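Following: one structure in structure tokens, then a few remarks.
The values are calculated or read from the model by the stated rules, or taken from the named source; none is laboratory data. Keep in mind that this is a model prediction, so the values were computed, not measured. No Cβ is skipped: glycine too gets one built from the backbone with ideal geometry, and neighbour counts run over all protein chains shown.
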Amino acid sequence: MILNKGIAFKLSLFILTGITIIFSIIFAYNYLFSRKIIIKNIEKNAKNLAYATVNKIDMVLYSVEKIPQNLSYFMESSIYMEPELMKLLRLVTENNPEIYGAAIAFEPYAYSINSLYFAPYFYKKKGKIEFKYVPYNYFYSDWYQIPKELNRPVWSEPYFGKAGGIVMSTYSYPFYKVINGKRRFMGVIAVDISLSWLQKIVASIKIEQSGYGFLISKNGTFITHPNPKLIMNETIFSVAEEKGDKLLRKIGRDMIQGKTGFVPFRSIHTGKMCWMVFSPLSSNGWSLGVLFPQKELMADITHLNHKVLFIAFVGFIVIFLLIVLIASSITSPLRRLSRLAQDIATGNLDIEIPPIKSKDEVGKLTDSFNYMKNSLKQYIKDLTKAIAEKERIESELKIAHDIQMGILPRLFPPFPDRSEFDIYATVEPAREVGGDLYDFYFIDHDHFCFAVGDVSGKGVPASLFMAMTHTLLKVIARKGITPGEILTELNNELSKDNDSCMFVTIFLSILNTKTGELLYANGGHNPPLIIRQGRDVMFLNLKGGIAVGAMADITYKTERIDLKVGDSIFIYTDGVTEAINDKKELFSEDGLKDAVITMSNSSPYELVVGIMEKIKNFSHGVPQADDITMLVLKFNGAKD
């Protein structure tokens, strides 16, 4: 390990590491910048090649499109007879090498009221011009129906022609006549072309050893590809599905949507990483893709980088050896000081450090060792005293915690002879001592007072304020006044000489154990949950009421709600709803309500324990940030 090596070695290593990092950054920047330029040029050349090929194909397709377009002008402006139509179709087929066949297909009874359909078709077969009528009801064929419905010319999807299995496509152009002032659809002029010339154009694209081009139709079918098994048998999407390739599927969508792009891509033919440029044919929506193999195009710069790295490695070794020789000659005094430091580290602070007369760094280091030895003696003495003081404070805090918990009711059930209600409460301080409080007691035989509070702040100040609040609250409540009057008087007492500006949020209730009437007042506390037996769980609608002790001369309102037999009230502090997990999510009021709903039929003890367990499971070990206090009272009804 480097930590166990001498200064000479580390000095040499760090210097060379710094040199290596600097030159590595320069080398990496040069490599990345050069690579970026090369890729930019590749992208530019790739797009130029793709655009040139696309334009070349489009020129041929546009020239084919002109033929049925011109024929449509003739059909719309002339009175046609069968001999003239036959002659015209034959000339079109004979004089255009790109065209395999041409047909004029009329609407039902459009050519003659005696002919349901009429579609003469001339085509090439073994170098000769052949003729036949389209021998089926072509009205339902895509090449006829689509241009008719769309009211525009359409290129068909590529297909295998019957003549020798040649890949072909049909261009259909609708024509019309004006009859009685209305433009009426009369039929479709269709020309078939062989795509063998197109396959030759795309197949001629060669980039380095493994680059190639391919063409897909507007539905994603492969029209050309180096792998003949894909042609007219697979789509770019079926290949993507087979390989589970989401990128290929996205590229396929972009291509059939007529987009242009330059993206990294793994060839489905060679399996090599490539850059792929794709561009649409403007004539028919097909798309051309050209693959440029990355490794082959970057071979020269990769070879150069390997040579540079080898030279840098050899230079690193030579410089390292030279620095080690120089550094070792000046580190011998440091090795002596190292042995002294080991003795001091074992606790021998009385060891004598031999003086060094030189005033260089080694001399200054020797003086520092002497100062360190004396300082360590004093530090150990002070540390021993501080540890004793810390243990005393921790002991006092533990006693303060026990005292604080002792002033809260801890025995349950607290009134075994009273069956009108069941109650359970708990408090979990975030620190040794905390600011949360709860209390409950009988004011008289039929009126039971209970409260939950949360003091602002944490630690010892909050605990002292909590103890004072607890004491005052019990004294005031014994007067037999309403909850609002109790909080009003408590607020006036706490706000006197409150230089620390501390305050407490309190929810105070008085239950009539005979009738179930619950009088309550709120001093800025969280809204409790009312659990209706067999019906609903809802938050109590609280109106106003600021925190107690924050401001003098505040009047608190007393409000009323009736508890039916089996109903419960769940009071809590914000440590419950603001409990946080490792994802920074709060337990929240909605989370509390959902948890209570799942346990609404539980006893107060089971409900409190269950909610505490859910909070701990939710927190996933995140330390508690605030005190957690819960109190549940269930009304069982008056004794018979």
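Report whether or not residue 489 is among the charged types (D, E, K, R), modelled with pLDDT under 90, outside any loop (DSSP other than H, G, I, E, B) and more than 16 Å from residue 570 (Cα to Cα).
For residue 489, the condition - among the charged types (D, E, K, R), modelled with pLDDT under 90, outside any loop (DSSP other than H, G, I, E, B) and more than 16 Å from residue 570 (Cα to Cα) - is not met.
So in segment 177-219, with the set limited to residues that are assigned to a strand (DSSP E or B) and among the aromatic types (Phe, Trp, Tyr), which one is farthest from residue 88 (Cα to Cα)?
Checked segment 177-219; the qualifying residue farthest from residue 88 (Cα to Cα) is 212.
Tell me, yes or no, whether segment 473-481 has at least one residue that is assigned by TED's automatic domain parsing to the domain that holds residue 564 and in contact (Cβ under 8 Å) with a residue 60 or more places away in the chain.
Looking through segment 473-481, none of the residues is assigned by TED's automatic domain parsing to the domain that holds residue 564 and in contact (Cβ under 8 Å) with a residue 60 or more places away in the chain.
Would you please name the residue that is surrounded by the most Cβ atoms within 10 Å (Cβ to Cβ), looking only at residues in segment 125-181 that are of a type in the set (S, T, N, Q) and either more than 18 Å from residue 68 (Cβ to Cβ) or assigned by TED's automatic domain parsing to the domain that holds residue 235 (or both)?
Among those residues, the one meeting the criterion is 137.
Examine segment 467-481 for a residue that is in contact with a Lys or Arg (Cβ under 9 Å, 6 or more places away or on another chain) and either under 16 Å from residue 555 (Cα atoms) or not hydrophobic (A, V, I, L, M, F, W, C) (or both), and state whether such a residue exists.
Looking through segment 467-481, none of the residues is in contact with a Lys or Arg (Cβ under 9 Å, 6 or more places away or on another chain) and either under 16 Å from residue 555 (Cα atoms) or not hydrophobic (A, V, I, L, M, F, W, C) (or both).
Could you list, in sequence order, all residues of segment 608-633 that are under 22 Å from residue 454 (Cα atoms) and in contact with a Phe, Trp or Tyr (Cβ under 7 Å, 6 or more places away or on another chain)?
608, 615, 629, 630, 631, 632, 633
So, in segment 427-469, how many residues would count as being in a loop (DSSP other than H, G, I, E, B) and either β-branched (Val, Ile, Thr) or crowded, with 22+ Cβ neighbours inside 10 Å (or both)?
Result for segment 427-469: 5.
Only one of these conditions is not met by residue 321: (1) of a type in the set (A, V, I, L, M, F, W, C); (2) modelled with pLDDT of 75 or more; (3) surrounded by 12 or more Cβ atoms within 10 Å (Cβ to Cβ). Which number is it?
Residue 321 satisfies all of (1) of a type in the set (A, V, I, L, M, F, W, C); (2) modelled with pLDDT of 75 or more; (3) surrounded by 12 or more Cβ atoms within 10 Å (Cβ to Cβ) except (3).
A quick yes/no check of all residues on (1) free of Cβ contacts under 8 Å to residues at least 24 places away in the same chain; (2) not in a helix (DSSP H, G or I); (3) not hydroxyl-bearing (Ser, Thr, Tyr):
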{"site": "31", "(1), (2), (3)": "no, no, no"}
{"site": "76", "(1), (2), (3)": "no, no, yes"}
{"site": "89", "(1), (2), (3)": "no, no, yes"}
{"site": "105", "(1), (2), (3)": "no, yes, yes"}
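Out of the residues in segment 81-121 that are loosely packed, with under 14 Cβ neighbours inside 10 Å and hydroxyl-bearing (Ser, Thr, Tyr), state the one that is nearest to residue 183 (Cα to Cα).
109
Are any residues in segment 470-514 among the polar types (S, T, N, Q) and surrounded by 14 or more Cβ atoms within 10 Å (Cβ to Cβ), and if so, which ones? Walk me through how you get there before you give the answer.
First, the residues of segment 470-514 that are among the polar types (S, T, N, Q): 471, 482, 488, 491-492, 495, 498, 500, 505, 509, 512-513.
Those that are among the polar types (S, T, N, Q) and surrounded by 14 or more Cβ atoms within 10 Å (Cβ to Cβ): 482, 488, 491, 492, 495, 498, 505, 509, 512, 513.
Going residue by residue through segment 285-301, is there one that turns out to be in a loop (DSSP other than H, G, I, E, B) and either modelled with pLDDT of 85 or more or among the β-branched types (Val, Ile, Thr) (or both)?
Checking segment 285-301: at least one residue is in a loop (DSSP other than H, G, I, E, B) and either modelled with pLDDT of 85 or more or among the β-branched types (Val, Ile, Thr) (or both).
State whether one or more residues within segment 44-53 are in contact (Cβ under 8 Å) with a residue 12 or more places away in the chain, more than 38 Å from the chain's Cα centre (by Cα) and assigned to a helix (DSSP H, G or I).
Yes, the conditions are met somewhere in segment 44-53.
Show the residue pairs meeting these rules: Cβ distance below 8 Å; 6+ apart or different chains; first residue within segment 450-472 and touching a residue at least 24 places away in the same chain (Cβ under 8 Å) and assigned by TED's automatic domain parsing to the domain that holds residue 424; second residue surrounded by fewer than 24 Cβ atoms within 10 Å (Cβ to Cβ) and of a type in the set (Lys, Arg).
The qualifying pairs are 458/431; 459/431.
Without any contact (Cβ under 8 Å) to a residue 24 or more places away in the chain and not in a helix (DSSP H, G or I) - does that describe any residue in segment 611-622?
For segment 611-622, residues without any contact (Cβ under 8 Å) to a residue 24 or more places away in the chain and not in a helix (DSSP H, G or I): absent.
In this structure, does residue 582 turn out to be among the acidic types (Asp, Glu) and exposed (fewer than 12 other Cβ atoms within 10 Å of the Cβ)?
Considered against the rule, which asks whether it is among the acidic types (Asp, Glu) and exposed (fewer than 12 other Cβ atoms within 10 Å of the Cβ), residue 582 comes out as yes.
Residue by residue through segment 361-419, note down the ones that are under 25 Å from residue 631 (Cα atoms), at pLDDT 70 or above and not hydroxyl-bearing (Ser, Thr, Tyr).
407, 408, 409, 410, 411, 412, 413, 414, 415, 416, 417, 418 - these are the residues of segment 361-419 that are under 25 Å from residue 631 (Cα atoms), at pLDDT 70 or above and not hydroxyl-bearing (Ser, Thr, Tyr).
Those residues that are part of a helix (DSSP H, G or I) and without any contact (Cβ under 8 Å) to a residue 24 or more places away in the chain, I need them from segment 126-152; list them, please.
Correct list: 140, 142, 145, 149, 150.
Test residue 556 against the criterion of being surrounded by 20 or more Cβ atoms within 10 Å (Cβ to Cβ) and at pLDDT 95 or above, and give yes or no.
no
Looking at segment 182-239, which of its residues are among the acidic types (Asp, Glu) and surrounded by 15 or more Cβ atoms within 10 Å (Cβ to Cβ)?
Those that are among the acidic types (Asp, Glu) and surrounded by 15 or more Cβ atoms within 10 Å (Cβ to Cβ): 192, 234.
Given the options 63, 24, 12, name the one that is of a type in the set (S, T, N, Q), part of a helix (DSSP H, G or I) and either in the same structural domain as residue 215 (by TED's automatic domain parsing) or modelled with pLDDT under 75 (or both).
The conditions single out 12.
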